[in-house]
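Let me give you the structure first, and then I'll get to my questions.
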Amino acid sequence: VQKQATEYISFRVRVFESNINNPNTVIDLNFFLNEVIQGADYPIIYTDSNGKPISCRNIRPDLDSLTNLANLSNSDSLYIYGQLQKISQDNLPISITYQGFVLGYYYYGYSPVIYKLRIFPYLAISAGLLFLIIGYIGFSYIKRSEERYIWIGMAKETAHQLGTPLTALSGWIELIKLDRDKLPIALMEMENDIKRLSKVANRFSKIGSVPELKSTDLNALILNVAEYFQRRLPNLHKKIDLLTELHEVPAIALNIYLFEWVLENLIKNSIDAIEQDNGLIVISTYLYNEQKVIIDISDNGKGIPANLKNNIFKPGFSTKTRGWGLGLSLARRIIVEYHQGKLFLKESRPFDKTVFRIILKIL
Ligand SMILES: Nc1ncnc2c1ncn2[C@@H]1O[C@H](COP(=O)(O)OP(=O)(O)O)[C@@H](O)[C@H]1O
Ligand SMILES: [Mg+2]
């Protein structure tokens, strides 16, 4: 482009020159000014044969408008000479001759577009680098904020979980007020609720920390979670049984807080899915090939239609009117990222068997 533009300018000057060199043509400086100079977007300085500037274009608006640069102030003429020096490095001046005499020199620089084109490769490289840097920063930011997101999601769910034991506690207190004889039973239940509260509070204290894995008795952990739900289930307005089928498995490296949270979420989903009165939830463990432990959470709820199977693990997806849609997506991340395991929907037959499976490696 730069070469083309240069050739074009030379061509126009030559056309002009041949015109003035043709004895039949009247020298028309206006033609030169209007046609060659006016239309240009590149800096131009026309000098006399001694190199003294006569007129200019695209140098500075106030100077451009002068028809004669003879009586300039010192600073202006310094400026003009500076510019002349600069553009004389862009292109060799074209001499305007008339019958063998040099009338003047036509200095021209590159148009701003060409300047831009000349720095374009550097711009492209800088832009590329910038892109890489921003990309990297963005990526690590997303990574960090996703980690935070796990904890925030858990915090939201956990805050929600505080509700149940709190309601229960105030219920027992009301009951004691009405009937002092209920005190011994109430105390026992209240103790359980308080244990539950301190467990939930404990989770809050873990928020934001790097999850540590600890060798854990998986079956004991599951029994613990199951027991909590078994005590709560009779309070629901639907009849649901929760059974465990636990087989002997070796100790597994787990983060207890995160893993319990996953189990509770899967069980809660099962409870939500059961709308009939013969509800059944089964949690089972198996040892697979001496290398892996399988944990299945199955229910006989309404199941998951085939067309939704790909959506249930997406954050925000929920078919419930008051659902966050975070449970499964967080659960999967906890299993995959913090435990190098797997969590997936194994099968779903409505009102018969819907199974979510967790696979953990024995380390
Ligand atoms: N055991 C299940 N049976 C039927 N549908 C389920 C089950 N577990 C999850 N789902 C479906 O997956 C969706 C997403 O679950 P989840 O991520 O836990 O969010 P939420 O429970 O807030 O809706 C649920 O809304 C439900 O449609
Ligand atoms: Mg859920």
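The values are calculated or read from the model by the stated rules, or taken from the named source; none is laboratory data. Everything numeric in this text was worked out from a predicted model, so none of it was measured. Cβ atoms come from the backbone with ideal geometry, glycine included; neighbour counts cover every protein chain shown. Surface accessibility is based on the protein's heavy atoms, side chains included, excluding ligands, DNA and RNA. Shrake-Rupley method; radii C 1.70, N 1.55, O 1.52, S 1.80 Å.
Short version: ³J(HN,Hα) in whole Hz for each residue of the stretch 131-138, in order, from phi by Karplus 6.51 cos²θ - 1.76 cosθ + 1.60 (θ = phi - 60°), x for Gly and Pro, what are they?
For the stretch 131-138, the Karplus curve yields 4, 4, 5, 4, x, 5, 4, x Hz.
Give, in nm to one decimal, the length gained when the segment between residue 77 and residue 349 is fully stretched (0.36 nm per residue of separation minus the Cα-Cα distance).
88.8 nm
Bins of 10 Å, beginning at zero and ending with the bin holding the largest distance: percent of Cα pairs per bin for the stretch 284-363, please.
Histogramming the stretch 284-363 at 10 Å steps yields 18, 45, 31, 6, 0 percent.
What does the accessible area of residue 79 come to, in Å² to the nearest 10, when a probe of 1.4 Å is used?
Roughly 70 Å² of residue 79 is accessible to a 1.4 Å probe.
Past 29 Å, Cα to Cα, is the threshold; run 195/292; 238/346; 199/342; 195/314 against it and keep the listed order.
Over 29 Å apart, Cα to Cα: 195/292; 195/314.
Can you send over the solvent-accessible area of residue 120, 1.4 Å probe, protein chains only, in Å² to the nearest 10?
130
Taking the highest mean first, how do the peptides 45-55, 224-234 order by number of other beta carbon atoms within 10 angstrom per residue?
The packing order, highest mean first, is 45-55, 224-234.
Remind me, relative contact order of the stretch 255-363 in percent, using alpha carbon pairs under 8 angstrom and six or more residues apart?
29
Enumerate the amide H contacts of residue 48 below 5 Å, restricted to partners 5 or more residues apart or on another chain; note that Pro and chain-start residues carry no placed amide H.
54, 105
Another question about this same structure. Using a Förster distance of 35 Å, how high is the FRET efficiency between residue 287 and residue 139, based on the Cβ-Cβ distance and rounded to 0.05?
Values: r = 39 Å, r/R0 = 1.10.
Efficiency for this residue pair is about 0.35.
Then there is this: Roughly how many whole Å is it from the C-alpha centroid of the stretch 282-301 to that of the stretch 302-363?
The distance from the Cα centre of the stretch 282-301 to that of the stretch 302-363 comes to 14 Å.
Taking H as built 1.01 Å from N, whose amide H comes closer than 5 Å to the amide H of residue 216, not counting residues under 5 places away?
252, 253, 254
At q = 0.18, 0.19, 0.20 Å⁻¹, work out log10 I(q)/I(0) for the stretch 155-298 with the Debye formula, treating every Cα as an identical point scatterer and leaving solvent out; two decimals please.
-1.18, -1.25, -1.32
Something else about it: Residues of the stretch 152-204: accessible area per residue at 1.4 Å, in Å²?
In whole numbers, the stretch 152-204 has 61 Å² accessible per residue.
Mind listing the phi-derived Karplus ³J(HN,Hα) values for the stretch 180-186, rounded to whole Hz, using 6.51, -1.76 and 1.60 with θ = phi - 60°, and x for any glycine or proline?
5, 5, 6, 3, x, 5, 4
What are the ³J(HN,Hα) values, in whole Hz, obtained from phi via the Karplus relation 6.51 cos²θ - 1.76 cosθ + 1.60 with θ = phi - 60°, for each residue of the stretch 260-265 in sequence order, with x given for Gly and Pro?
Values per residue, Gly and Pro as x: 4, 4, 4, 4, 4, 5 Hz.
Probe radius 1.4 Å, ligands and nucleic acids ignored: give me the carbon and sulfur share of the accessible area of the stretch 220-349 as a rounded percent.
Details: 3220 of 6380 Å².
Roughly 50 percent, rounded to a whole number.
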